[in-house]
Amino acid sequence: MTRAELKALAKQQIKGNIGILFVMSLIVSVITALPNILSSIPFLGFVFSIGLLFINAAFSLSLMIIYLALTAGKKPQIADIFIGFNDIWSAFKVTFLVGLFTFLWSLLFVIPGIVKACSYSQAMFILAENPGMSAREAINRSKKMMEGHKMDYFVLGLSFFGWILLAGLTFGILLIWLVPYMQATLANFYNSVKPVAVVEDAPVVDGEAVTE
């Protein structure tokens, strides 16, 4: 699918769901705010910082599951925002390893870091469709999946730059629509490049398996 097709599809998918997706984002912001504040406390700060990494990773996995379900025509539910906590350890390992590997490649130069970030970009989506999969396997599958698609992904990300600037001019109000739009577009990108073999055990959202 072309970038225009991915985006047009995303606009259709988020239509009528902006309100609940915004509430989900608000819940995540509120929950992660407390550990952020507590992380500044001497001695205890390190513990809260580590805890925040796990929480953020779980919420990230939840969002991948939610938006994949959205692309499959499923209506999001508030409780779905916590579904990633069912596989919090795998979510943390994927987040940690992707961050570590990207950082190490970035030490060579900025360009290798960007290339590798694109290469690893689908790991969390893969984990979302394959609960319990090892972090290294998810990352390796992402690398394989992104062969020949890294530039497409990079340009797709750049295509939102103007929208992000405009969101700043609206004091962030536009983000209520923009964030779901971007997330749905990225989920559609994943669906467009994944091989059928990637899906082993589809996660269940609202009592139904997430499939294409």
If each DSSP helix of 4+ residues adds -39,500 (n - 2.57) and the sum is divided by the residues in the chain, what number results at 222 nm, nearest 500 deg cm²/dmol? -22500 deg cm²/dmol
According to the square roots a ≥ b ≥ c of the eigenvalues of the Cα gyration tensor, what is the shape class of the chain, taking rounded for a/c under 1.5, prolate for a/b larger than b/c otherwise, and oblate for the remainder? rounded
In the structure shown, of K11/K194; K93/K143; K15/K93; K93/K144, the pairs separated by more than 25 angstrom at the C-alpha atoms are K15/K93
What helices does the chain have that are whole DSSP H segments, at least 18 Å long along their own axis by Cα, and with mean Kyte-Doolittle hydropathy of -1.0 or more? 18-38, 45-71, 88-108, 175-193
Going from the fewest other Cβ atoms within 10 Å to the most, one would list I65, I78, I83 as I78, I83, I65
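Values quoted throughout were computed directly from the atomic coordinates according to the rules given, and no laboratory measurement underlies them. The model shown is predicted, which means the values in this text are computed figures rather than measured ones. Neighbour counts are summed over all protein chains in view; Cβ atoms, including those assigned to glycine, are modelled from backbone coordinates with ideal geometry.
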